[in-house]
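For reference, the structure is listed below as structure tokens.
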Amino acid sequence: MDKGTIGIDPHVLSLSHGVIEMEQLSPDYGKSRRRLRVLKLRGVKFREGYHDYTIETGGLRVFPRLVAAEHYSTLAREPVPSGIKELDDLFGGGLDRGTTTLILGTAGTGKSTLALQYARQMASKGDRGILFAFDETRSIMLARAKALGLDLEKHIESGAVTVQQVDPAEISPGEFAARIREAVKGGCKLVVIDTLNGYLNAMPGEKYLINQLHELVGYLNYKGVVTILILAQHGLVAAAESPVDLSYLSDTVVSLRFFEAAGEVKQSIAMIKKRSGPHEKTIREFKLEPGQGIRVGQPLKEFQGVLTGVPVFRGRSGKTMSASDGKK
Ligand SMILES: Nc1ncnc2c1ncn2[C@@H]1O[C@H](COP(=O)(O)OP(=O)(O)OP(=O)(O)O)[C@@H](O)[C@H]1O
Ligand SMILES: [Mg+2]
């Protein structure tokens, strides 16, 4: 007899009012993944597709697949300033609520610190934020923030900023999405995923991870959250390459790069696109300074080769910031 696509006698399927399929998958590395799917449930409009679940003390925890369209809303897209005037000028006022920003840059360019600056600034205005750290440990991140003078401790203590370290091998995409939804329900207005490389590597074999990310980002946008996705590019200073192209998922793209000027390695920042409004098309110098945090300079016009990924500064060295230049 034909056992059908899932290997069950079709007679048994037609006799039952409901059929739920439960699966356990073992990735090459990390914890087993469990997912379930409702094949039929008579008289009920159920959510189709696979849903991740875990077995915990007390029972099953199911993470229903997120459908962004169910959270549709039309919130006003108000810009959120970063607290650094030059950066806000570059960003056209700031990052807008209900939009997703992709921060691109090679290792050590300051991506995480830029996200932390936003967390601090928003917290100081009463907006809660959560940062999911996939790559570095929470303690290194917080120690760096402290050394740079980003006063995060009081916001962490008050619960206005949460840094959650995610163990990539232990969590399914469904559970991760559930954590984000929980944070948003708890009032978070800023969500940072640091990094997407970690997120993508964390769940290898998840063919539909990008689709899940798409739903997640859509959900966060409908909820009016400022979403920051960080993507580390390969190659330290050579033409940087992204492991995946996620620029279409993002409303705003910010690029951090190293450049050379007068025998020194410096960092630059540029906003490549912003769907929600105008922004500066210039490149500015970006600097992390002990005790002073992020400093952003005036637009630097004398660059060449920005689009090739290796900007070269052709101007006079006096035009870039020196360590003792002004304040933040
Ligand atoms: N106390 C400090 N004072 C000045 N600069 C610092 C200090 N601590 C770290 N930095 C600079 O900050 C950089 C790291 O910043 P950050 O971690 O935000 O970059 P990132 O782009 O997120 O890096 P990664 O790709 O490794 O995650 C270091 O490369 C260093 O140049
Ligand atoms: Mg980082």
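For the residue pairs Lys85/Lys223; Lys31/Lys266; Lys185/Lys266, the alpha carbons lie more than 31 Å apart in Lys31/Lys266; Lys185/Lys266.
As a rough guide to protection, the peptides 257-264, 283-290 ranked by mean Cβ packing within 10 Å, highest first, stand as 283-290, 257-264.
Let me make sure I get this right: for region 66-119, a, b and c are the square roots of the gyration tensor eigenvalues over alpha carbons, sorted descending. Under 1.5 in a/c it's rounded, otherwise prolate if a/b > b/c, else oblate. Which is it? Taking the square roots of the gyration eigenvalues as a ≥ b ≥ c, region 66-119 is oblate.
About its Cα centre, the dipole of region 3-65 is roughly 220 debye, where the only charges are +1 on Lys and Arg Cβ and -1 on Asp and Glu Cβ.
Distance between the pseudo-spin-label points of Lys146 and Leu75 (7 Å out from Cα toward the beta carbon): 3.2 nm.
Which of rounded, prolate, oblate describes region 71-313, given a ≥ b ≥ c as roots of the alpha-carbon gyration tensor eigenvalues and a/c under 1.5 marking rounded, otherwise prolate only if a/b is larger than b/c? Judged from the Cα gyration tensor, region 71-313 comes out rounded (a/c under 1.5). Here's the picture: charge each Lys and Arg Cβ at +1 and each Asp and Glu Cβ at -1 in region 248-303, and of Thr252, Gly277, Leu288 the one pushed furthest to the positive end of that dipole is Gly277.
Judged by the gyration tensor of its Cα atoms, with axes a ≥ b ≥ c, region 125-192 is oblate; a/c meets the 1.5 cut and b/c is at least as large as a/b. Measuring r between the beta carbons of Leu13 and Asn211 and using R0 = 35 Å, the FRET efficiency lands at 0.80.
Of all DSSP-defined beta bridges confined to the chain, some 60% are antiparallel rather than parallel. Using a probe radius of 1.4 angstrom, the carbon and sulfur fraction of the accessible surface of region 1-128 is 54%. Taking springs between alpha-carbon atoms closer than 10 angstrom, which of Ser172, Ser250, Ser158 fluctuates most in the Gaussian network model of the chain? For the chain, modelled as a Gaussian network with Cα springs under 10 Å, the answer is Ser158. Packing around the peptides 111-120, 91-100, 178-187, taken as the average count of other Cβ atoms within 10 Å per residue, puts them in this order, highest first: 111-120, 91-100, 178-187. Taking Pro81, Pro27, Pro173 in turn, the Gaussian network model of the chain (Cα-Cα springs below 10 Å) assigns the largest fluctuation to Pro27. Computed from Cα atoms, the angle from the helix 111-124 axis to the main principal axis of the chain rounds to 90 degrees. Positive end of the dipole of region 71-313 (Cβ unit charges, origin at the Cα centre): among Gln164, Ala183, Ser139, the Cα lying farthest that way belongs to Ala183. In loop segments of region 1-95 as defined by DSSP, the GluC sites (Glu not before Pro) with at most 16 further C-beta atoms inside 10 Å of their C-beta are Glu48. Per residue, the solvent-accessible area of the chain (1.4 Å probe, heavy atoms of protein chains only, all protein chains present) comes to 49 Å².
The values are calculated or read from the model by the stated rules, or taken from the named source; none is laboratory data. It should be emphasised that the depicted structure is a prediction, and the values quoted were computed from it without experimental measurement. Don't worry about glycine lacking a Cβ; one is built from the backbone with ideal geometry, like all the others, and counts go over all protein chains shown. We work out accessible area using only protein heavy atoms, side chains counted, and drop any ligands, DNA or RNA first. Shrake-Rupley method; radii C 1.70, N 1.55, O 1.52, S 1.80 Å.
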